[in-house]
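The values are calculated or read from the model by the stated rules, or taken from the named source; none is laboratory data. Quick caveat, the model's predicted, so the values are computed rather than measured. Here the Cβ is made from the backbone with ideal geometry for all residues, glycine too, and neighbour counts use every protein chain on show. With ligands, DNA and RNA removed, areas are computed over all heavy atoms of the protein, side chains included. Shrake-Rupley method; radii C 1.70, N 1.55, O 1.52, S 1.80 Å.
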Amino acid sequence: PAAPPAVPVADPGFPYGEWQVTGVVDGPGGAEVWLRHLPSGATLALQPGSPVGDLVFRRAEYDGSAVFDSPSGVCRIQVGTNLTQRSPVPAA
């Protein structure tokens with residue numbers, strides 16, 4: 001009997017929903033956004049120009065959000081939300 005064709009496994013991509021923004025600071029070394037990987041507890045601090053998945057951190061905002069470049073445009077992510085919970089930033 002012929003074996004059934006192999007089913008391709010979809011690449012799950014970067015796990016944006018597993019990374020939460022825990023802080024946005026503007027300290028002596030410049031702006032940073034702090035992230036926590038919820039399943040493992042690992043932390044990550046990004047400076048402007050640093051990538052995470054296909055997002056690139058650009059700046060911190062005083063309202064507690066971080067601004068990222070994404071393939072679909074500039075977006076804002078609030079502290080306490082994960083990297084899938086993005087709001088578009090209108091073009092200036």
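Some values worked out for this structure:
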{"quantity": "Matching residues, the range 30-41, being outside any strand (DSSP E or B) and over 14 Å from the mean Cα position of the chain (by Cα)", "calculated": "39, 40, 41"}
{"quantity": "Selection within the range 55-82 - open to solvent by less than 80 Å² (accessible area, probe 1.4 Å), on the phi < 0 side of the Ramachandran plot and not in a strand (DSSP E or B)", "calculated": "79, 81"}
{"quantity": "Number of the exception - residue 85 against (1) surrounded by 11 or more Cβ atoms within 10 Å (Cβ to Cβ); (2) in contact (Cβ under 8 Å) with a residue 12 or more places away in the chain; (3) in a loop (DSSP other than H, G, I, E, B)", "calculated": "(2)"}
{"quantity": "Condition met for residue 24 (assigned to a strand (DSSP E or B) and either in contact with a Cys (Cβ under 8 Å, 6 or more places away or on another chain) or open to solvent by less than 40 Å² (accessible area, probe 1.4 Å) (or both))", "calculated": "yes"}
{"quantity": "Tally of residues being surrounded by 14 or more Cβ atoms within 10 Å (Cβ to Cβ) and either under 18 Å from residue 87 (Cα atoms) or of a type outside the set (A, V, I, L, M, F, W, C) (or both) across the range 41-52", "calculated": "3"}
